[in-house]
Amino acid sequence: MALIAPSILSADFTNLSQQIRLAEMGGADWIHCDVMDGHFVPNITIGPVIVKAARKITKLPVDVHLMIENPDKYLEAFADAGADYLSVHVEEVVHLNRTIERIKELGCKAGVVVNPATPVNSILDIAESINLLLIMTVNPGFGGQKFIPNSIRRIEEAVNLRERLKASFLIEIDGGVNKETIIEAKKAGVDIFVAGSAIFDADNITAATAELKNLVK
Ligand code: DX5
Ligand code: ZN
């Protein structure tokens, strides 16, 4: 069975607690926090303050996706805010092995993220050290975008890489996940699905979460 990680990027921030509760009632497994700095991606969203709020609201694992320049500078702040998973973009980190070790030292599970045009193979020599590989299925920066079709091949590559190396990282995808795209992605081997607009733009957040959950059980 795969997991559903609603992305609060698309939530109504005037009532974040109620939005997260509604997703939890639909069977959400993780809460995904999309952190953006307006440099690494052309959008500015949330920081440690909102992660801290999400931490207070939910008992579910808080899955923090750092779409920021120089993430090494902020690892402690997000770990202190309560991140369970802390993921950094391979495109942004020069000493990735050191960063992954630092995330673990801080007591978080360590994730690496690849953008749509970054080869999955680029994580080959860190694969045995990470807990999570996040494959971007849209160009990061905004919710509500279209799933990039060659992502299915990339998911399959990640599954094959994990098997070949006898690694144990989980495979997560993020972007354009909905009741149509989730089917093929699940078959390809995804473990965790981030979904923002498919859940929080729905008329019924609980039903939309439950529908995605049913499709991957
Ligand atoms: C990067 C963000 C979005 C978000 C998912 O842009 O990470 O991908 O989480 O947004 P939806 O599910 O609306 O595509
Ligand atoms: Zn994300």
Output for segment 56-79, where each listed residue is open to solvent by 40 Å² or more (accessible area, probe 1.4 Å) and more than 22 Å from Leu133 (Cα to Cα): Lys56, Lys59
State the number of residues belonging to segment 102-118 that are surrounded by fewer than 13 Cβ atoms within 10 Å (Cβ to Cβ) and in contact (Cβ under 8 Å) with a residue 12 or more places away in the chain. 1
Taking only pairs six or more apart or across chains, which ones have beta-carbon atoms under 7 Å, a first residue in segment 196-207 that is of a type in the set (Gly, Ala, Ser), and a second residue that is more than 16 Å from ligand 2 (Cβ to nearest atom)? Ala198/Ala208; Ala202/Ala208; Ala207/Gly26
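Just to be sure before I move on: is Asn121 away from ligand 2 (no atom under 16 Å from the Cβ), surrounded by fewer than 18 Cβ atoms within 10 Å (Cβ to Cβ) and at positive phi in the structure I sent? Show your work before the answer.
Details: away from ligand 2 (no atom under 16 Å from the Cβ): yes; surrounded by fewer than 18 Cβ atoms within 10 Å (Cβ to Cβ): yes; at positive phi: no.
Against the criterion (away from ligand 2 (no atom under 16 Å from the Cβ), surrounded by fewer than 18 Cβ atoms within 10 Å (Cβ to Cβ) and at positive phi), Asn121 does not qualify.
Give, as residue ranges, the helices (runs of 4 or more DSSP H) completely inside segment 11-98 that count at least 3 residues that are more than 15 Å from Val112 (Cα to Cα) and within 16 Å of ligand 1 (Cβ to nearest atom). If you could, list the steps in order and put the result at the bottom.
Working: elements: 16-25, 48-57, 75-81.
Correct list: 16-25, 48-57.
Examine segment 171-181 for a residue that is aliphatic (A, V, I, L, M) and touching a residue at least 60 places away in the same chain (Cβ under 8 Å), and state whether such a residue exists. Let's see the steps before the verdict.
Looking only at segment 171-181, we keep the residues that are aliphatic (A, V, I, L, M), and these are 171, 173, 177.
Narrowing further to those that are touching a residue at least 60 places away in the same chain (Cβ under 8 Å): none.
Among the residues of segment 171-181, not one is aliphatic (A, V, I, L, M) and touching a residue at least 60 places away in the same chain (Cβ under 8 Å), which makes the answer no.
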Considering only residues of segment 1-10 that are touching a Phe, Trp or Tyr at 6+ places or on another chain (Cβ under 9 Å) and outside any strand (DSSP E or B), which is farthest from ligand 2 (Cβ to nearest atom)? Ala2
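The values are calculated or read from the model by the stated rules, or taken from the named source; none is laboratory data. No experiment lies behind these values; they were computed from the predicted model shown. Cβ atoms come from the backbone with ideal geometry, glycine included; neighbour counts cover every protein chain shown. For accessibility, only protein heavy atoms count, side chains too; no ligands or nucleic acids. Shrake-Rupley method; radii C 1.70, N 1.55, O 1.52, S 1.80 Å.
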